[in-house]
Each structure stands twice: as structure tokens, then as C-alpha cells.
1. Limited to segment 1-43, what total is found for residues that are in a strand (DSSP E or B) and either out of contact with any strand residue (DSSP E or B) (no Cβ under 8 Å at 6 or more places or on another chain) or exposed (fewer than 10 other Cβ atoms within 10 Å of the Cβ) (or both)?
2. Given the criteria in contact (Cβ under 8 Å) with a residue 12 or more places away in the chain, surrounded by fewer than 11 Cβ atoms within 10 Å (Cβ to Cβ) and more than 30 Å from H18 (Cβ to Cβ), does E98 qualify?
3. In the set A40, A73, A87, which member is free of Cβ contacts under 8 Å to residues at least 60 places away in the same chain, more than 30 Å from G108 (Cβ to Cβ) and either small (G, A, S) or touching an Asp or Glu at 6+ places or on another chain (Cβ under 8 Å) (or both)?
4. So which of R78, R47 is among the basic types (K, R), more than 23 Å from Y10 (Cβ to Cβ) and either out of contact with any strand residue (DSSP E or B) (no Cβ under 9 Å at 6 or more places or on another chain) or at pLDDT 95 or above (or both)?
5. Can you tell me how many residues in segment 50-75 are open to solvent by 100 Å² or more (accessible area, probe 1.4 Å) and modelled with pLDDT of 90 or more?
6. Cβ-Cβ under 9 Å, sequence separation 6+ or interchain: first residue in segment 17-33 and touching a residue at least 12 places away in the same chain (Cβ under 8 Å), partner of a type in the set (D, E) and not in a loop (DSSP other than H, G, I, E, B). Which pairs?
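The values are calculated or read from the model by the stated rules, or taken from the named source; none is laboratory data. What you see is a predicted model; the values in this text were computed from it and never measured. All Cβ positions, even for glycine, are placed from backbone atoms using ideal geometry, and neighbour counts span all protein chains on display. Just the protein is used for accessible areas: all its heavy atoms, side chains included, with ligands, DNA and RNA removed. Shrake-Rupley method; radii C 1.70, N 1.55, O 1.52, S 1.80 Å.
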Amino acid sequence: MALNVNMWRYSVRWGLRHQPCPGDEELGSQDVPAGEQCPAPLRALWRPGSGYAICLDFFQGEIKRWPPERKGAVRQKRLEKYLQKHAPLFFQELLERELNGNADYYQGRTHLRRRL
């Protein structure tokens, strides 16, 4: 399903993150053309002090993901820059240790890495 980036979504959602929601998380939502005000039926659902809020979401275009090779190259470059700045005397040793210990991360195959 392609998103229409010229649309906005108004909704009435629970707004108090620190308190449990007493009912539905979302009371209602409606998509409108960009720039329009909140529709009257949604405004009627909202009551001051109820804990619910009128929220506005903007549709984004399709999310473009980097291929694993690109992610890995960027991660390795950032590691090299960090090590050059913080431990230039031990740069080569620490770089080899980190690349060998977290090979999957620095090849872009996972999003988790162990700490140095």
C-alpha cells in the first residue's frame, strides 16, 4: 500500500504515558488532506482533562533502507574515527579486536553490538 504524503491523520489517543489507559488507546482517527483542520467528529470525542489528546500524524514517504554492506562500511568507518580520536596508540590492536569480536555487526548483518 503506497502512502499519500499529501494527507494528514488526526486521531484522539491516550496522552498520559505515566498512567494506564482506562479504555481504548485510540478513540478514533481520520485522514484528511494536508492543511485541513481537525474534523468535527474527532473534536467531539475529546474532552478537556480526560487524559486523551488530539494528535496529528504526517505521512512519510517510503522508508529507504541501507543494504548490509553499506551499513557495515559506515559502522567500521565510525569505529576507526572513534579509535583514532580516543586511543591512537592502540588503534590497530583495538580495531582488529573489535572487528573480529563483532564481525556480524561490522558487516551490517545485525543491529546489536557488544561494548568495547
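1. Keep residues of segment 1-43 that are in a strand (DSSP E or B), which gives 7-14, 26-33.
Checking the rest, the ones that are also either out of contact with any strand residue (DSSP E or B) (no Cβ under 8 Å at 6 or more places or on another chain) or exposed (fewer than 10 other Cβ atoms within 10 Å of the Cβ) (or both) come to 33.
Count: 1.
2. On the way: in contact (Cβ under 8 Å) with a residue 12 or more places away in the chain: yes; surrounded by fewer than 11 Cβ atoms within 10 Å (Cβ to Cβ): no; more than 30 Å from H18 (Cβ to Cβ): yes.
Considered against the rule, which asks whether it is in contact (Cβ under 8 Å) with a residue 12 or more places away in the chain, surrounded by fewer than 11 Cβ atoms within 10 Å (Cβ to Cβ) and more than 30 Å from H18 (Cβ to Cβ), E98 comes out as no.
3. On the way: A73 fails: more than 30 Å from G108 (Cβ to Cβ); A87 fails: more than 30 Å from G108 (Cβ to Cβ).
From the options A40, A73, A87, the qualifying one is A40.
4. Values: R47 fails: more than 23 Å from Y10 (Cβ to Cβ).
None of the other options fit; the residue is R78.
5. So the first thing to find is which residues in segment 50-75 are open to solvent by 100 Å² or more (accessible area, probe 1.4 Å), and the list is 58, 60, 62-66, 69-70.
In the following step, the residues that additionally are modelled with pLDDT of 90 or more were identified as 66, 69-70.
Selection size over segment 50-75: 3.
6. Within 9 Å, the pairs are S29/D57.
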